[in-house]
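Taken together, the values in this text are just the output of simple stated rules run on the coordinates, not laboratory data. From a predicted model like this one, the values you see are computed outputs, not experimental measurements. Note: ideal-geometry Cβ built from the backbone for every residue, glycine included; neighbour counts use all protein chains shown.
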Amino acid sequence: MLRKVLPVALAMMFSCAAMADEAEVKKAVEAKLGAKVESVTKSGYLGLYEVYGEGGIFYTDEKVSALLFNGQLIDGKTMKNVTEERMRKLTAIKFADLPLDRAIKQVRGDGKRVLVTFEDPNCGYCKRLAKDLQKLDNVTLYTFLYPILSEDSVRKSKQIWCATDRAKAWNDWMIDAKAPPAKEDCDTTAVVKNQEYGRKLNIQGTPTMFFGDGERVPGAVPLAKIEQKLGQLK
């Protein structure tokens, strides 16, 4: 009789223990995130729990020391995006290797701070970034023409590169929507090489920024963050 009852009792005990663990995880997650959790279930992988809430799934461990959102690993204590930080380190480049002679150069103030961008002239986010960068001082900007959106992007990039004053032609177009001179008969191999170089660096979107330490930052991030990063590199 005991041999028949024992397996059932053990199964019930482990089931209750699992339910208790899931309830504790649920309570801890709700307290940490301040959001309602609908269910917590052991995923069966790496000791992680599946957490379902607000129409999405993410994963955590039993101590809620780390949270995995949409493939992003978040440190449960500091709430820092560990994956993002690692990606920045892994995708960093050797700044000295950048072919800066193929970029549009602008120097403001003492020019001591350096920022490199890869941009498409028809990119809306690039135009927003261009307006923000007008507020930066004491900086040297290197803009690589990186047309990846359309044939018109290639045409405009070549026209800007062929302009007598490239920086002015770039700013006129990106900030004031003033079309560049309809001239593209100069040596535009720089634009083609930039496309090849960008693909080599796996730049898949514009704008993409590089700072003096080689760190890559994709997207038009707020000016305050750009200032913060430049300030850290002084």
Size of electric dipole in region 28-104: Cβ of Lys, Arg +1 and of Asp, Glu -1, about Cα centre, debye, nearest 20: 260
Between 0 and 90°, nearest 10: helix 124-133 axis offset from the chain longest Cα axis: 70
message: Ignoring everything except DSSP H segments at least 4 long, calculate the 222 nm mean residue ellipticity for the chain; use -39,500 (n - 2.57) per segment, divide by total residues, nearest 500.
response: -13000 deg cm²/dmol
Segment ALA167-LYS131, extension gain: residue separation times 0.36 nm, minus the distance between their alpha carbons: 11.6 nm
- line: As a percent rounded to 5, the proportion of antiparallel DSSP bridges among beta bridges in the chain is 80
task: Taking the Cβ of PRO147 as the centre, find all other residues whose Cβ is under 10 Å away and add up their charges (Lys, Arg: +1; Asp, Glu: -1).
output: -1
task: Take the Cα coordinates of region 142-194, assign each an equal point scatterer, and use the Debye formula without solvent to give log10 I(q)/I(0) at q = 0.22, 0.26, 0.27 Å⁻¹.
output: -0.76, -1.08, -1.16
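How long are the semi-axes of the equivalent ellipsoid of region 95-232, defined as square roots of 5 times the Cα gyration tensor eigenvalues? Whole Å, largest first.
22, 16, 14
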- prompt: In bins 10 Å wide, starting from 0, what share of all Cα pairs of the chain does each bin hold, as a percent?
  reply: 7, 25, 22, 15, 14, 9, 4, 3, 1, 0
